[in-house]
Each structure stands twice: as structure tokens, then as C-alpha cells.
Amino acid sequence: MVNRIFTIFVLIGVPLSIAGSLMHWPSVLMFVVYCLTIIALAGFMGRATESLAIVAGPRIGGLLNATFGNAVELIISIFALKAGLVGVVLASLTGSVVGNLLLVAGLSFFIGGLKYKRQEFNIYDARHNSGLLIFAVIVAFVIPEVFTTEMDSAGTISLSVGISIILIILYLAALFFKLVTHRGVYQQKTDEVEVHEEPEWKKGKAIAILLLATVAVAYVSENLVHTFETVGERFGWSELFIGVIIVAIVGNAAEHASAVLMAYKNKMNIAVEIAVGSTLQVAMFVAPLLVLISLLFTEKMPLVFTLPELISMATAVFLTISVTNDGDTNWFEGATLLAAYIIIGIGFYLLPG
Amino acid sequence: MVNRIFTIFVLIGVPLSIAGSLMHWPSVLMFVVYCLTIIALAGFMGRATESLAIVAGPRIGGLLNATFGNAVELIISIFALKAGLVGVVLASLTGSVVGNLLLVAGLSFFIGGLKYKRQEFNIYDARHNSGLLIFAVIVAFVIPEVFTTEMDSAGTISLSVGISIILIILYLAALFFKLVTHRGVYQQKTDEVEVHEEPEWKKGKAIAILLLATVAVAYVSENLVHTFETVGERFGWSELFIGVIIVAIVGNAAEHASAVLMAYKNKMNIAVEIAVGSTLQVAMFVAPLLVLISLLFTEKMPLVFTLPELISMATAVFLTISVTNDGDTNWFEGATLLAAYIIIGIGFYLLPG
Amino acid sequence: MVNRIFTIFVLIGVPLSIAGSLMHWPSVLMFVVYCLTIIALAGFMGRATESLAIVAGPRIGGLLNATFGNAVELIISIFALKAGLVGVVLASLTGSVVGNLLLVAGLSFFIGGLKYKRQEFNIYDARHNSGLLIFAVIVAFVIPEVFTTEMDSAGTISLSVGISIILIILYLAALFFKLVTHRGVYQQKTDEVEVHEEPEWKKGKAIAILLLATVAVAYVSENLVHTFETVGERFGWSELFIGVIIVAIVGNAAEHASAVLMAYKNKMNIAVEIAVGSTLQVAMFVAPLLVLISLLFTEKMPLVFTLPELISMATAVFLTISVTNDGDTNWFEGATLLAAYIIIGIGFYLLPG
């Protein structure tokens, strides 16, 4: 059902996007069209990646998911960097981290908790992820914030590049740890039987769809980025609010849907993996990659967030760890995360642009 | 014994307070009289609430305790707000959080630990409370601190009101979770047998005493608030020190006594519930309620603490969570909390006014 | 083998140090000689302390280790204080905390993890240490940082002295707890059999070596401190970088070696005890002692670090706790700690002097 809606959105949205951008239709209208089209295209990319992952087996599949999982966000961000919108990119990275930890996980725990009194997930994975969240957000993002206040821009970029390389290396090491050296070592006995899955699409078709959808996302994203200014002025939204709340929700809509669905089916390991795994991918792979890619453009992106952005991510990390570290959730823990998301959302909404 | 002393204090203290305030006796003397009288009255309110809670059954009783538990503090604060002493109110909220987490819990663990080598309490409750402490102090108090530095006062009040409403909703949700949907779900097998309790006072008498004591506390509090300036000048105490240390100790004296008593009887679940539960009540109910009430007065209270206040609460939260999260205490853990309280106390004492 | 190298280094290093300092050989050359000599002498002091500890029994032995474990660092710091280098001392304390938590523990977990898939250690000790790390770094170091921004220097020193006294008292209380009141209470059943150990040296010889090595360390340290300025200028290193990275590595080299060795032998309890125990000793005993000792010199040392130093220690504490709190390590957790150390190292390297 959702898939059929996504198909219709793509079939209507892509031509509309092309027509609208060529004929300069009103920005606010096109902003809505672009957003919906990207969400639908992201759905296709997700299904194509899933199919390829099943064909390729667990190791390469895990790698594929880890690489393409945030492809949409990466593409939007590259075009925003090209347009010199460094502030929007940092804001949307913030929005992804905060949104995945509080909104996606929060909704999953809450909706799942309405159906089940207690839901459990692998406590080893939760602790492994906690360590990485602390490493990425509390160490790798906080250190440049504090150290660069006394540095010139050359020092700031050097530190950002250095930290970015280390983040990517540790991200790859984490994949190696999970998929190779310690595969299954920290498994809990679980009722979720791993069934042999059939891919939705054959290899050739999946690759073709992945390529086509990626090209389409790239085209639409480039146009989307140029509507931000007009939309911001019209609704009184700051660049920061657009980045943290709007771009982040558009870029992660597909994950939101599937995480909540998994929680509703009581497959909490997958729901948590989507929410927290996606956060780690953004923080340890997408963000540092964008820092390195920005070296190719005139305006370089340092790994230095605004203080409200950094504090939002840091407090979200502490709250998520505190809630998930016992490997057990219920509706109230979901409500707590959602309440934190609303508080941060109000904060960014009221922040002057 | 304690009850008899409290009775004597009330019988002498209330008339003395009335006489002193009418005849303008010296402020420093009256400051002491007011403080002792309030502590004694708080004891009566606690016993009346307890009796009503037993009569009303666990659900309504839990609600009663949750609402009237910090009534004294709420009353003092409302009069301080009316007198425009926003700084003192924020300071006394800080003092309640820090005092309950470090002084009350610290004394309980220390005294209890002198008698028992290890004392245990429900680990699920500890984790549930940890999540709420992080939510209230690290998210809901830290976000406005950082975001409002760039806001005008209208934005600051909007954000404060928004966060306050969310805090109160989540506090009520937490009660609903604990008393209704998940009552007994996270129970550990425990040696503490729940005996059928007899209320100390009958329903009518309890209500009468609760009302009378509340009126008396209100009268004395209003007078107490006006002695702060003179007392501060006389002893060289800053408004901040009076709020954080003095008002907080007076407002929470009753809880201190009963938490330590429970720890001494090895009823650690109750001792922890008093210390941490009271903190959560202050942070998630009393503080936001005062923000909303302050809208009625000329000087509005934002949910923005001074940096020393915020850092004191945040570090107290991290320390308490670290110490209590294993559901096991001993004298040394109590000593650690007490040492932290002394450090923070010295800090506020030395802070220029 | 290592012992023989150390013997050679001492036999060559001490005369070279004396000759070089008398004949004013080039500072950079002497800097290297002094560093290597101190590392070798620290090895002798460690072995002498170890021998005495075995002779003296577990209680006095534990006390000896706790007192002399960071003697080298204490001695270097006293001479640096005497030379007015307060900034270098605070930096080297930071370097010890960060280095022990991230470099020593990181290398131990990583090297040990290459040999063993999972390594376990006492989870009670880990939690006990977590509480103390939060107390020392997050409470006792953060409070003066925030509170003294509004204080004059007299207030700053008062607060520093007050906190230092409390830190030392709690450190002694922790020893009393561990060696007397709760000895063995939190023991896990473990495969590490406590074998009856033979001391390497007899009591008299051990005391003689300890005294001689201490005198030699003192002599070399005084000279080392005076090479910092020239070395800094020559290599473009800031005082901060020398303190945080160089002095800290020299002062803790002996611990590094033995912690890694213990991890390689799968004696994780000892490896963790060296890394975290040494951190606590620095934070709760050496640092406050230096604050008190500095009162004897013209330039007093407040317990106020620079913001980069404080944030480095605080983030290192949060990461270490997150990684060690489950009582289980692997190569990836070691890699995470090492990555954090490199990030902080780059930060201090790029920080302008």
C-alpha cells in the first residue's frame, strides 16, 4: 500500500519537479513538491538497497546498507554545500542526529509500547552503540567546538579534517568488528527467527532502480536547496529551523516509517538498529565525509556546530543512552524521547535566524 | 518524640511569628523563628498527607503525595515571586534539586551504610528515575539556558512556558505510567512486606490539619521572604546562597528526616523514592508550575538558571545516576554524594552576591 | 629484558644528566636524555614499591602503591610549580587523566583484544571507579571552572583549597573503604588465582633503591623543567602541548608498559586498576596536593583548568565510563579510546600557545 503510494508520488512528482523548476513555479509550492518527491524516491532507494543486500549476503549487505542508508541526505547536503549553505548542512546533520535519536526512536518505543507492555532488544548492541554515540557526539563534535574558539580558520579546518578522517576510520573499524571479527559474538538468545529472505527485485533491476532514483534525488535536491531562502522568508523560519527540522524529516522519512513499523511488529532489535544505527552513520560517516567533500568547494565546512546544535545533540545522546541502556522499552520511555524532541523543536523554532 | 517536638514548635512558633511580624521584631531573630516554624508545620502537613494517602488507596494516595509533597516549597516560592524575588526562587529550586540528590540521598546512604554493609533497592525504579533526571535537568533545563542567550525576553518566556507545559504533561504521564498502566510491572521480589497500614488521623481531621497548616505556612512564608535582604546583609550571604542552601534546607527538612530514618531501617526503596522522587517533583512539577504562576505577576520567571546553578544541578544528576544505577549503596557512596554537596555549598558561599 | 634496558638507561642516563646540566649541553638533546632517564628511574621506583608492598601485606601495600604510584609526576610537578610554570602543571595533570583513561586503557584493551575475543574484569570495581571519576572530574573540576569566572583571585584560591581538602579526604576514605571496611565484599568469582608472591628485593634494598631513585628523579626533573621553553620554541610546541602530551607520557610511561603487559596476559582487573586507579590517584590526590603545596610558593595554583583541558578530561571520563561499565572489553573498545586520544592530541597540537 505504502509502496503503491510511493510509486504514484514518484510518477507524478518527478515530472512535476522538472516542469516546475524549468517554468519557475512559485518556490513554496515547489518546496512541497520537491520534499514529497524525495521522500518517495528515498522509499525506492531503500527497497533497491534492501534487495541488493539480500542478494549479496550479510557482510556485503551490511556494508551496502551502511553506505546507501543515508544516501539521500548525503546528496541533498552536497548540493547545499555547492550552493555555499554550510549552515544548512550542519543544521540538517544536527536534525538527523536529534531526529533519529528522539523522534524515530521515540515514536517506535511509544507506538510499540501501546501494543506491548515491555519490549526488549539486544543489550550488548545497545551498549556498543552507547559507546559510539559518546565517541562521535560527545568527543568528536565537542572537542572542535571548544578548541577552535582560539584557532584561526586554517587551524579549524585542519582539526576538522583530522577528526573527520579518524571518525571514518573508526566507522569502518566498527563495521569490520560487527560483520567480521565479532559477528554473532554478542548475540542474545532471541525469539526472532532469521528467515531466509527473498529479494523483492533481481540484482539487475535493483541496481537500475538504485541508479535512476539516485539521479532523480540528485536533480530534485539541487532544486530543493534553492527554495530554502524564499520558504524561510515566507514562513518566518530561520535557516537553522529549516535545516534541523524540515530537511532532517524529509531526509529521514523512510527510516521513520520502517522503524515504527518494526516496533509495531515487536522487532525491537531492528527498530533500534534503524534509529541508532542511522544516527551513527550520520555522525561517523556522512558528517565527516561532507567535511572532506567541502574541501573541493570554495566554502569549506568545519566540523563546528552552533552551540544550540551541539547542546541539542549532546543532550539527546545522554537521554537516549539513559533510556536504552537497559535493553527494555515501554510507552513512557517513548513519550520521554518525544517530549525532548518537542522541547528542542520549540527551541529552534523560537531561535532568531 | 520528633512529633512532640514539632507540636511544641508549632504551638510556640505560630503565635511568635504573628507577634513578631506585627511588632517588627529584628529580622534576623524572626528569620530563625520563621524557619523553625515552617519546618515544624511541614511535619504536620506530611503526616496529614500520609494519613489521607492511606485512606484514599495507593493510586489517589500516590497522587496526593506527588502533589502535596513539595507544597511548602511551592508556597514559599509563590510569595517570593509575588515579592519579585525571581532569583531567590530559581536558587531555591536549584537547592532542592541539589539538596535532595546529594544531601538527602547522601545522608541516607551514609547513615544506612554505617549499619548495613550493602543496601539494595529496586534497580528498575533507579533506571526509570535516571531517565527522568536526564530529561528534566539535562534536556529541559539546559536547552533554555543555551537557546535563550540569543533570544529577547519575549522569546525567552515563550520557550520557558512551552517547556514548562511539556514538563508537567510528562510528569502526569509518569504518574499514570507508575500508578496505572505499569503498576507492579517492574517489581523486584523484595523482603519488604507491604503491611496494611492504619492512618494516623481520620479523614476529616487530616483534611482539617492539612488546611490549617497550609494557611499557617503561607502566612509565615510571606513574612520569611521579606527577611532575606536583611539577613543576607548581616551575614554576608548572597541572595543565591540563601536560596540554594538556606531556603532549600528549610523547605525540605521534613523529607531529609524521613529519608534518613528509612535508610536506617534498611527500607532503601522508600529512602531513594523520597530523595529522587522529590527531586523529580521539584524539577518536573514545582518549577514549571512556578513559571506558569509567575505569568500572573509583574515579574515573569523564565526557566533560565544562572550558570553556576545549572552546572550544580547537572553535575549532581550525573553523580547521582552513576552512584545509584546499580541499585546498591554503601557508606562510601553516601560520603561521595555528601562531599559533592559540600563542594557545591562552598562554591555558592564564595560566589559574590 | 625490559628491566635490563632500564638498568642500562639509568647507569648511562644519570651521569649524562649531571654532566649535561653542569656543562650546559643543548637543551633539546638534554630534554631527550632527561625524559629517558626519568622513564627508566620510574621503572626502578615501581619495582621497589612493588617489593615493599608484597612485604608489607595487602593493606599497607595498597597504601604504598596509592602513595608512590604517581611519585614521579608529583616530583616533576613540584619543580615546575617552583619555577612558576602553573600552566604546565595543570596541563600535565590533564595529560595524566586523559592519557591514563584513553591511551593506557585504550592500548591495553586493543592489544589484549587482538589476542582474546572478549576480556572481562570486575564490574563492581568498574562502577565504583565510575562514581569516583564523575565525582573528581565532573563535580570537583567543573564546579571551580564555572564558579570562579565571577570570583576574584582570593575567592578562587579559597574555593580551590576547599575542594582540594575534600578531594584528599574522599581519596583516603576510598582507600579505607577498599582496604578495610569493604575488602573483598564486592569480589566476583574469578579465575585469576592470587598466588603467594615473592618480593623481587628485600625490604632494606627496596627502601634504599626507592630513596636513591627518588632523589635522582628529583634532580633530573628540576633540570627537565627548565628545558621546556627552548624545546617548545624549537619544535613549535605550545606549553600546553608539552604538558598534556609530552610530560604526561614521560610521567606515566612505566604504567603504560605494565598495563599493556597485564592485558596481554588477560589479567584485565590489574590492567584496568592501573589505568583507572592511576587516573583517580592523579585527580583525587596528586592534583589537590599540588594545589596545597603551591601555597608555599609565590605563584599559587588554583584548581582551574583551561576550557580545552577540562572538556578533554570530561569527555574522556564519559567515554571511558561508557566503554568500561559493562565489565567487558574487546579490540574495538580499545580502538575507540585510542581514536579519542588522537583527536584530543591533534586538538592540543593545533591549539595556539
Inset, instruction - Report P(r) for the protein assembly as shown: all Cα-Cα distances, bin width 10 Å, range 0 to the bin holding the largest distance, values in whole percent. - result: 2, 10, 18, 22, 20, 15, 9, 3, 1, 0
Legend entry - Surrounding net charge for residue A:331, when Lys and Arg each add one and Asp and Glu each subtract one, Cβ distance under 12 Å: +2
Inset, instruction - State, to one decimal in nm and shortest first, how far the label point of residue A:207 sits from each corresponding label point in the other identical copies (label point: 7 angstrom along Cα-to-Cβ). - result: 8.0, 8.0
Inset, instruction - Specify which residue in the list C:211, C:163, C:280 is farthest towards the positive end of the charge dipole of the range C:2-350, using unit charges on the beta carbon of Lys, Arg (+1) and Asp, Glu (-1), about the Cα centre. - result: C:211
Inset, instruction - Would you mind computing, in nm to one decimal, how far apart the modelled labels at residue C:297 and residue C:18 are, each placed 7 Å from Cα along Cα→Cβ? - result: 2.6 nm
Inset, instruction - Quick one: with label points 7 Å out along Cα→Cβ, list the inter-copy distances for residue C:180 in nm, shortest first? - result: 5.4, 5.4
Inset, instruction - Taking the Cα centre of the range C:2-350 as origin, work out the dipole magnitude from +1 charges on Lys and Arg Cβ and -1 charges on Asp and Glu Cβ, in debye rounded to 20. - result: 780 debye
Inset, instruction - Give the total of Lys-Lys pairs in chain C with Cα-Cα distances below 26 Å; include a pair only if its members are 8 or more places apart or on different chains. - result: 14
Legend entry - Prolate/oblate/rounded label for the range C:2-350 (Cα gyration tensor, a/c 1.5): rounded
Legend entry - Loop sites in the range A:233-330: chymotrypsin sites (Phe, Trp or Tyr not before Pro), DSSP, at most 14 other Cβ within 10 Å: A:297
Inset, instruction - Could you list the trypsin sites (Lys or Arg not before Pro) in the range A:91-171 that lie in coil according to DSSP, counting only those with at most 16 other Cβ atoms within 10 Å of their Cβ? - result: A:117, A:118
Inset, instruction - Please average, across the residues of B:311-320, the number of beta carbons from any other chain that are within 10 Å of each residue's own beta carbon, and give a whole number. - result: 5
Legend entry - Share of Cα-Cα pairs in the range B:13-73 lying beyond 16 Å, as whole percent: 53 percent
Inset, instruction - Pop the C-beta distance of residue B:63 and residue B:4 into the FRET formula with R0 = 35 Å and round what comes out to the nearest 0.05. - result: 0.70
Inset, instruction - Could you tell me which of rounded, prolate or oblate describes the range A:258-353, using a ≥ b ≥ c as the square roots of the eigenvalues of the alpha-carbon gyration tensor, with rounded for a/c under 1.5 and, failing that, prolate when a/b is larger than b/c and oblate otherwise? - result: oblate
Inset, instruction - In nm, give the distance between the simple-model label positions of residue B:266 and residue C:153, each being 7 Å from the Cα along the Cα-to-Cβ direction. - result: 5.6 nm
Legend entry - Whole-Å distance, taken between Cα centres, linking the range A:4-81 and the range C:1-48: 64 Å
Inset, instruction - Output, in nm with one decimal and in ascending order, the distances from the residue C:82 label point to the matching label points of the other copies (7 Å from Cα along Cα-to-Cβ). - result: 6.6, 6.6
Legend entry - Contour minus Cα-Cα distance for residue A:120 and residue A:180 (0.36 nm per residue): 19.1 nm
Inset, instruction - Report, as a whole number in µm² per second, the diffusion coefficient that Stokes-Einstein gives for the range A:67-203 at 10 °C and 1.306 mPa s using the Kirkwood radius over alpha carbon pairs. - result: 86 µm²/s
Inset, instruction - Indicate the helices, whole DSSP H runs only, in chain B that combine a mean Kyte-Doolittle hydropathy of -0.5 or more with a Cα extent along their long axis of 20 angstrom or more. - result: B:2-22, B:27-68, B:153-176, B:203-225, B:248-264, B:307-324, B:331-350
Inset, instruction - Quick one: Debye curve from the alpha-carbon atoms of the range B:19-130 only, equal weights, vacuum; give me log10 I(q)/I(0) at q = 0.15 Å⁻¹ to two decimals. - result: -0.98
Legend entry - Helical mean residue ellipticity (222 nm; -39500 (n - 2.57) per DSSP H run of 4+; nearest 500) of the protein assembly as shown: -23500 deg cm²/dmol
Inset, instruction - Just check the range B:185-313 against the gyration tensor rule for me: Cα atoms, a ≥ b ≥ c as the square roots of the eigenvalues, rounded for a/c under 1.5, and otherwise prolate or oblate depending on whether a/b exceeds b/c. - result: prolate
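Rule-based calculations on the coordinates, nothing more; no lab input. Computed from a prediction, not measured in an experiment: that's the story for all the values here. Glycine also receives a Cβ, built like all others from the backbone with ideal geometry; neighbour counts cover every protein chain displayed.
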